[in-house]
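J.: What follows is a structure written as structure tokens; I'll ask about it next.
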Amino acid sequence: MKKIIAVGCLTVAALCQVSLSQDARSVSDRARQLHAESLVFDGHIHAVDRILYHGGDIGERKADGMWDLARAKEGGLKALFFSAYVPDDYYPARLETKQALRQIDLALSQIAKNKDRIELALNGDDLKRIVAAGKMAAVLDLEGSFDLDGDLGLLRQFYRLGLRSYQLSAHNTDNAYADACCAQHKSRGLTEHGRAFVREMNHLGMVINVSHASDEAISQTLDVSTDPVIATHHGLRALNDIPRNMPDELLKKMALKGGVIGFQIGNEFHNRKVFDWRTEHAGKPFWDTGDISKREPAQSVLDIDRLIAPQFPMPGIAAPDDIRFNADQWVGVVDRAIQLVGEDHVALGSDFDGGPTLPRGFRDVRDLPQLTEAMVRRGYSDDRIQKFLGGNLLRVFGKVTSGHRLTVK
């Protein structure tokens, strides 16, 4: 765990010695202009969780949390995977499909309510048109597919509702057809029905999201899929040896397929010191929610809402400043992936309001220009920076969704 891993021209040890004075370093005019001119496309944002449990509107500036439309605009965000998240708590009573529908309904209602600022994108052409019109483009994504049990009819109905990205495995629990990274594996990757699920997503033109899936499930998905796949919010196992992160060989395989890895903005994925600090204080890894099969089913979906509402919006932990990565160190993690698989396979997948412990000096989505500044200081070309900020994600989204493959009425 303590060995030093090369990260581009730096090491993890060297990254951890970057001066604290760099934490909130001002963004240069060059970086600010480049950021403003770029398609900033985030692969994973928890946009409506807080609203489902506490009310409100994504159009309202919030005093808490990490994301709302006003702050997102200040951070230069132009497109996002607008994630509907189904927590594991809904599974024991088999209310998770209902919860998925509630989340999707809320997401669509919030987008419609704020139609002057945000619009649903069903394909790459939609996304480019929406951004050109000065609005934010929202790609509807579902996190936690335990609810379907691989039901292809439900998958098609979700597609008709506008869903264009789907997380293959459940959150941190195995579903009936694809193993999760952080649970007891039952299927040795994908079942035969899981393979049919992948093929149906290819047929529909839906982006396959392999974040939270086991190594075997990811590898087998890459074998079956005819389209590139993405890992929307992930990390590198070479830097933090946890099952939630991706090993080098699997990242290479995904890149060869044309896929993209989105890097989660927090410290727990990339920074072993923060991961260990959190595990020590919580008594368990951050993904450990216990065995859901042993939970007593709640009487109603509203009972579960009341039970888990205090978790939202999900904040990061109060890890000591002296062990947290700042933006420069965080970009060093991305740099290692670039050295391994090239600049065409990396992206941003922040997980804002999904619980990340933000880089030192970050407040929320408003500080995304700090990442561009860190890349400029690293000597990246404008083209490389723009690929990371959104170009790579747009390429895969556009390729997968090109042309509607199912009539939507």
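Bear in mind these aren't lab numbers, they're just calculated from the coordinates by the rules spelled out. Values in this document were obtained by computation on a predicted structure and should not be read as measured data. Positions of Cβ are generated from backbone atoms using ideal geometry, with glycine treated the same way; all protein chains shown enter the neighbour counts.
J.: How many residues are out of contact with any helix residue (DSSP H, G or I) (no Cβ under 8 Å at 6 or more places or on another chain) and touching a residue at least 24 places away in the same chain (Cβ under 8 Å) when one looks only at the stretch 184-201?
T.: Number satisfying all stated conditions: 2.
J.: Can G205 be described as of a type in the set (G, A, S) and buried (at least 23 other Cβ atoms within 10 Å of the Cβ)?
T.: On the way: of a type in the set (G, A, S): yes; buried (at least 23 other Cβ atoms within 10 Å of the Cβ): no.
So G205 fails the test.
J.: Looking at the stretch 71-84, can you tell me whether even one residue there is within 30 Å of Q299 (Cβ to Cβ) and surrounded by fewer than 21 Cβ atoms within 10 Å (Cβ to Cβ)?
T.: no
J.: In the stretch 24-46, what count of residues is obtained for those that are assigned to a loop (DSSP other than H, G, I, E, B) and either aliphatic (A, V, I, L, M) or in contact with a Leu (Cβ under 7 Å, 6 or more places away or on another chain) (or both)?
T.: Here the count works out to 5.
J.: L340 is checked against (1) touching a Leu at 6+ places or on another chain (Cβ under 6 Å); (2) in a helix (DSSP H, G or I); (3) surrounded by fewer than 24 Cβ atoms within 10 Å (Cβ to Cβ) and fails just one. What number does that condition carry?
T.: (1)
J.: Hey, another quick one. As an exercise: evaluate S165 against (1) surrounded by fewer than 19 Cβ atoms within 10 Å (Cβ to Cβ); (2) not in a loop (DSSP other than H, G, I, E, B) and give the number of the one condition it does not meet.
T.: Of everything listed in (1) surrounded by fewer than 19 Cβ atoms within 10 Å (Cβ to Cβ); (2) not in a loop (DSSP other than H, G, I, E, B), S165 misses just condition (1).
J.: Can you spot a residue in the stretch 47-64 that is of a type in the set (S, T, Y) and part of a loop (DSSP other than H, G, I, E, B)?
T.: No, the stretch 47-64 contains no residue that is of a type in the set (S, T, Y) and part of a loop (DSSP other than H, G, I, E, B).
J.: Here are some residues: G354, G391. Which one is touching a strand residue (DSSP E or B) at 6+ places or on another chain (Cβ under 6 Å) and closer than 22 Å to K73 by Cα?
T.: On the way: G391 fails: touching a strand residue (DSSP E or B) at 6+ places or on another chain (Cβ under 6 Å).
Just a single option satisfies the conditions, and that option is G354.
J.: Suppose we filter E268, E373 for residues that are of a type outside the set (A, V, I, L, M, F, W, C), touching a residue at least 40 places away in the same chain (Cβ under 8 Å) and under 22 Å from S38 (Cβ atoms); which single one remains? Talk me through it step by step, then tell me what you get.
T.: Numbers: E268 fails: under 22 Å from S38 (Cβ atoms).
Residue meeting the stated conditions: E373.
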